[in-house]
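The structure under discussion appears below in the form of structure tokens.
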Amino acid sequence: MQIYLNGEQRQIPDNSSMAALVELLGLSGKRIAVEINEELVPRSTYSDYNLKPQDKVEVVHAIGGG
Amino acid sequence: MTNPNNDSFTLAGKEYHSRLLVGTGKYKNMAETDAAITASGAEIVTFAVRRTNIGQDKDQPNLLDIISPDKYTLLPNTAGCFDAKTAVRTCRLARELLDGHNLVKLEVLGDEKTLFPDVAATLEATKELIKDGFDIMVYTNDDPIMAKRLEELGCICVMPLAAPIGSGLGIRNRLNIRTIVENASVPILVDAGVGTASDAAIAMELGCDGVLMNTAIAAAKNPVLMASAMRKGIEAGREAFLAGRMPAKRFASASSPMDGLFF
């Protein structure tokens, strides 16, 4: 199925959970935060969150800024 | 009278001895960021929240490895947000990044040329974030009325600009900063616009509780040395404020006695 990941189209396996996507992206254990369709998805719920086609997923991290 | 050796201020129940808060943007690399922060003596360090580069630089050091939450109070900002909604979303993501840490630096900007705050949107975002349990340090204009409004809404710290972000122009309106300080019952930090150590000292002489800066250090020819200079400027300004300066006079007053002259 197709989702939008950080603004870009991306194909991922059907019925993927957010946890599976994090794993797929090689981001397990990294300090990230996730928002899906403009709503925060807490880390503790990644396994229970099943992605749907056209979901807009944002994965963010900390960078330098003032 | 405050003992200058035990001088501190409190934010969200935590006591801080350094009155210099620093950002982490615009440095050459992580090593320079680390060295400058160390030289500044800062205890509170700001950072930004951005999209992760998927599939790139997997082994690149993470900023939060350098500015460890165990060592510093981390202050995520909402830089780059031009409306209340994105600022609120950014704060929620930042809280998640930091495992529930509620402290945020709220800035909602008005336009890209000036980066002046959009105060109407700032008020709107403040109300939303207060409901959501955030401890807000808020960036605003050097406007005493707006500073008071933001305090009344429940911001834990109000941060008027000295001059536009990254401009290095120094404190453009000392009288307004002084009025904001005199009216306030929360800490007042000057945020943005200082250019060099004397600007930081002036902010402290005006009675501010501290100064938050990034570009003034990062864009210096020698950022690490400037970080040290800023630390001293902040300390000198604070001590001068506590000491209470002499009244300025128009004409001279001899320092040596006039009595006992031998001619």
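The values are calculated or read from the model by the stated rules, or taken from the named source; none is laboratory data. Since this is a predicted model, take the numbers as computed values, not measurements. Virtual Cβ from ideal backbone geometry, glycine too; neighbours counted across all protein chains shown. All accessible areas refer to the heavy atoms of the entire protein, side chains included, with ligands and DNA or RNA removed. Shrake-Rupley method; radii C 1.70, N 1.55, O 1.52, S 1.80 Å.
Couple of notes before you dig in:
- Against chain B, whose longest principal axis is taken from its Cα atoms, helix B:84-97 shows a tilt of about 80°.
- Loop-located chymotrypsin sites (Phe, Trp or Tyr not before Pro) in region B:46-151 (DSSP state not H, G, I, E or B) with no more than 10 neighbouring Cβ atoms inside 10 Å do not occur.
- Placing dummy labels 7 Å off each Cα toward the beta-carbon, the span from residue B:169 to residue B:148 is 2.5 nm.
- Going by accessible surface with a 1.4 Å probe and the largest first, B:230, B:246 read B:246, B:230.
- Computed 3J(HN,Hα) for region B:152-161, one whole-Hz value per residue from the Karplus formula 6.51 cos²θ - 1.76 cosθ + 1.60 where θ = phi - 60°, is 5, 6, x, 4, 7, 7, 10, 10, x, 6, glycine and proline marked x.
- Per residue value of the accessible surface for region B:123-263 (all protein chains in place, 1.4 Å probe), Å²: 51 Å²
- Tail fraction, Cα-Cα pairs, region B:171-263, threshold 15 Å, whole percent: 65 percent
- Distant-in-sequence amide H partners of residue B:103 (H built 1.01 Å from N, under 5 Å): B:135
- Taking 0.36 nm per residue of sequence separation and removing the Cα-Cα distance, the residue B:120/residue B:35 pair yields an extension gain of 26.8 nm.
- Stokes-Einstein diffusion coefficient of chain A, Kirkwood radius over Cα pairs, 25 °C, 0.890 mPa s, in µm²/s: 202 µm²/s
- Long-range amide H partners of residue B:24 with built H, under 5 Å: A:65, A:66, B:46
- Semi-axis lengths, Å, the protein assembly as shown, gyration tensor of Cα atoms, sqrt of 5 times eigenvalues: 44, 21, 16
- With all protein chains in place and ligands, DNA and RNA left out, the 1.4 Å accessible area ranks B:231, B:51 as B:51, B:231, largest first.
- For region B:119-213, the list of trypsin sites (Lys or Arg not before Pro) that fall in a loop by DSSP and count at most 10 other C-beta atoms within 10 angstrom is empty.
- Across region A:10-26, the residues whose backbone nitrogen lies under 20 Å from the label position 7 Å along the beta-carbon direction of residue A:47 are A:15-26.
- Per-residue ³J(HN,Hα) for region B:30-41, Karplus 6.51 cos²θ - 1.76 cosθ + 1.60, θ = phi - 60°, Hz, x for Gly and Pro: 5, 5, 5, 4, 4, 5, 5, 5, 4, 5, 6, x
- Close amide H contacts of residue B:140 (hydrogens built in the peptide plane, cut-off under 5 Å, sequence separation of 5 or more or a different chain): B:159, B:161.
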